[in-house]
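The values are calculated or read from the model by the stated rules, or taken from the named source; none is laboratory data. Values in this document were obtained by computation on a predicted structure and should not be read as measured data. Note that each Cβ is placed from the backbone with ideal geometry, even for glycine, and that neighbours are counted across all protein chains shown. Only protein heavy atoms, including side chains, enter the accessible area calculation; ligands, DNA and RNA are left aside. Shrake-Rupley method; radii C 1.70, N 1.55, O 1.52, S 1.80 Å.
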Amino acid sequence: MVFGPEGIWSRFLRQSEIYIATDVKYESVSDGQYRVRDFWSGHRGFEVFRERFSEGFAEFDRQIVGQLVEKQEFVGAYYEANGDDLISA
């Protein structure tokens, strides 16, 4: 599985010390739509990771996303009320 807890996406993100987890949920089983959410312990660290590993993100998009994903949409990012935790959906 690409996006599951032990999938290649989670293994890639685990290179960051502030990565917490990835959550995958069906949006529409009949349409094959999923929502993938990544959890991080801080926004700044997430931005640093994204910049540092930009080539890895691009390679993932070329090799995996292009073959499996028909449409990809960034829904947003939000923070837990009690801190700087970033949840990217």
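Estimated from helical segments only, the mean residue ellipticity of the chain at 222 nm is -7000 deg cm²/dmol, where each DSSP H run of four or more residues counts as -39500 (n - 2.57). Around the Cα centre of the chain, unit charges on the Cβ atoms of Lys, Arg, Asp and Glu (plus for the first two, minus for the last two) sum to a dipole of about 120 debye. Coupling constants for the range 43-51 follow from the phi torsions by the Karplus curve (6.51 cos²θ - 1.76 cosθ + 1.60, θ = phi - 60°), and in residue order they are 5, 4, x, 4, 4, 4, 4, 4, 6 Hz; glycine and proline get x. Carbon-plus-sulfur accessible fraction, the range 1-87 (probe radius 1.4 Å, protein heavy atoms only): 49%. Protein heavy-atom accessible surface, 1.4 Å probe, per residue over the chain: 72 Å².
Net length available on complete extension from D61 to Y79 is 3.9 nm, with 0.36 nm assigned per residue and the Cα-Cα distance removed.
Sites listed here are GluC sites (Glu not before Pro) in the range 13-85 whose DSSP assignment is loop and whose Cβ has at most 14 other Cβ atoms within 10 Å: E17, E70, E73, E80.
The phi torsions of the range 72-79, fed into the Karplus equation with coefficients 6.51, -1.76 and 1.60 and a -60° offset, translate into couplings of 10, 9, 7, 7, x, 9, 9, 10 Hz, rounded to whole numbers, with Gly and Pro shown as x. Stretched out straight at 0.36 nm per residue, the stretch from L68 to I20 would grow longer than its current Cα-Cα span by 14.9 nm. In the range 12-54, the convex hull through the Cα atoms has an average projected area of 3.5 nm², a quarter of its surface area.
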